[in-house]
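I am attaching a structure below and will ask some questions about it afterwards.
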Amino acid sequence: MIRYLFGLAATAVLAGGCASGVAFKDVDLSFAQVGLPMTHVAANPRAATLVVYIDGDYDGGKKAFTMVLEDGSLVGQVTPRSYFIATVPAGEHQLVTAVPELAGYSPCMGATHRFEAGKIYIMKNLTPMPLEEAERALSLYSHLEIDSAAGAAHLGDESEFWKECIPRAKQLEVDNAKYLADNPGVFPTPPTAQSVALDHLDIPSPP
Amino acid sequence: MPLRASTSIGPNLQALWLALAIGFSLTGCASAALAYAPRTSERDPPPKPQAQVKLTELGKPSCDYDVIGSAFGTSLDRLVEVAADHGGDGVYDTSCQLERVGSVMNTSIGVIDTRHTNQRCDGRVYVCRSGSTASSPKESGDDSTGGKAR
């Protein structure tokens with residue numbers, strides 16, 4: 001049933017572009033707000049630093065995506081054309097992103113990457129991005145500051161959603177890997193986290 | 001990084017979710033709500049008529065300015081609209097690029113083809129500091145007097 005609902009939502013996205021309906025309603029930020037622009041991101045020697053942004057043109061509405069790790073711990077929240085900065089423990093992690101407010105209409109997307117302490121990773125949603133491809137976006141987009149306490153409370157309120165979403169994201173990642181293996185060339189191979197890791201990050205100020 | 005238009009994918013929706021997961025654009029849909037990214041949490045100035053908003057395609061604005069946000073749209077005119085809606089005196093540092101988005105999918109309800117070409121533009125919305133005014137709208141050229149990000 002859930003897969004069917006995803007199918008409907010996906011079909012509507014593709015067919016209608018800017019459709020309306022439950023799956024396309026706006027979802028506001030619940031534990032993040034626009035903060036001061038960042039011009040420099042320093043690496044944390046004891047953890048990996050993620051700079052996560054999303055573009056605004058693929059979901060048909062303004063939605064706040066919540067990102068967690070595979071253990072359900074909070075990473076952050078982001079809306080189209082914004083970014084946040086978070087740290088995660090070094091090691092291999094599955095990042096899971098979803099819009100829990102949409103319940104069964106929400107995608108549950110996951111991607112597993114290996115992160116090193118002392119490195120900075122720019123992520124376009126779940127995909128590691130080279131600095132040169134992300135630099136202008138980060139310069140133009142809003143910087144979101146995450147309220148961790150409010151975020152933890154939000155996760156608690158949506159715990160049933162995440163219990164179902166995280167394994168689903170894991171399965172989807174497995175399915176995606178199989179799809180890519182079976183359909184070479186359909187999508188460009190995304191870069192690995194290791195290949196785009198940075199020691200420091202300067203976000204250009206407006207000229 | 002757009003999904004390439006030549007993509008032809010199979011009988012299920014796997015590719016869509018894969019695309020979402022890896023961050024590709026699919027529809028090119030950009031609602032009005034998405035057309036502006038504030039640079040700070042400060043309240044926008046009141047909206048103003050588009051005719052009073054100056055478009056500077058090259059170089060910097062001709063006043064001393066503060067950047068208050070970024071505008072996004074499918075044309076430079078759209079950037080001016082967005083800047084006007086958010087009380088900007090102008091928009092500068094603009095960039096436009098063409099991209100091909102969409103895909104062909106075979107679904108249980110038939111073939112869905114959403115391939116098309118979009119123009120995506122962005123630019124920075126600024127306000128002139130008090131005592132400093134932008135001159136005539138829609139001028140091009142390097143007219144640098146220096147500005148500052150908030």
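The values are calculated or read from the model by the stated rules, or taken from the named source; none is laboratory data. Please read all numbers here as calculations on a predicted model, not as lab measurements. FYI the Cβ positions are ideal-geometry reconstructions off the backbone, even for glycines, and counts take in every protein chain you see. These area figures cover heavy atoms from the full protein model, side chains too; ligands, DNA and RNA do not enter into them. Shrake-Rupley method; radii C 1.70, N 1.55, O 1.52, S 1.80 Å.
Could you grab me the full set of residues in region A:34-51 that are of a type in the set (A, V, I, L, M, F, W, C) and surrounded by fewer than 15 Cβ atoms within 10 Å (Cβ to Cβ)?
Matches in region A:34-51: A:36, A:42.
Next up: Quick check on my filter: what residues within region B:116-128 are more than 8 Å from every other protein chain (Cβ to nearest Cβ) and either of a type in the set (Asp, Glu) or exposed (fewer than 15 other Cβ atoms within 10 Å of the Cβ) (or both)?
Matches in region B:116-128: B:116, B:117, B:119.
Filter region A:111-134 down to the residues that are free of Cβ contacts under 8 Å to residues at least 60 places away in the same chain and charged (D, E, K, R) and list them by number.
A:132, A:133 - these are the residues of region A:111-134 that are free of Cβ contacts under 8 Å to residues at least 60 places away in the same chain and charged (D, E, K, R).
Still on this structure, please answer the following. Inside region A:71-92, can you point out the residues that are of a type outside the set (Phe, Trp, Tyr) and within 13 Å of the chain's Cα centre (by Cα)?
A:74, A:75, A:76, A:77, A:78, A:79, A:80, A:81, A:82, A:85, A:86
Is at least one residue of region A:56-68 open to solvent by 30 Å² or more (accessible area, probe 1.4 Å), closer than 22 Å to residue A:158 by Cβ and modelled with pLDDT of 95 or more?
No.
Another question, if that's okay. Are any residues in region B:63-90 within 23 Å of residue A:35 (Cα to Cα) and in contact (Cβ under 8 Å) with a residue 60 or more places away in the chain, and if so, which ones?
B:65, B:66, B:67, B:68
If you don't mind, another one. Sort out for me the helices (runs of 4 or more DSSP H) sitting completely within region A:108-204 that have 2 or more residues that are touching a helix residue (DSSP H, G or I) at 6+ places or on another chain (Cβ under 8 Å) and at the interface with chain B (Cβ under 10 Å from one of its Cβ atoms).
Of the helices (runs of 4 or more DSSP H) lying wholly inside region A:108-204, those with at least 2 residues that are touching a helix residue (DSSP H, G or I) at 6+ places or on another chain (Cβ under 8 Å) and at the interface with chain B (Cβ under 10 Å from one of its Cβ atoms) span A:159-182.
Considering only region A:93-118, how many residues are at pLDDT 95 or above, surrounded by fewer than 21 Cβ atoms within 10 Å (Cβ to Cβ) and within 25 Å of residue A:149 (Cα to Cα)?
Count: 3.
Can you say whether residue B:128 is out of contact with any helix residue (DSSP H, G or I) (no Cβ under 9 Å at 6 or more places or on another chain) and modelled with pLDDT of 70 or more, as far as the supplied structure shows?
yes
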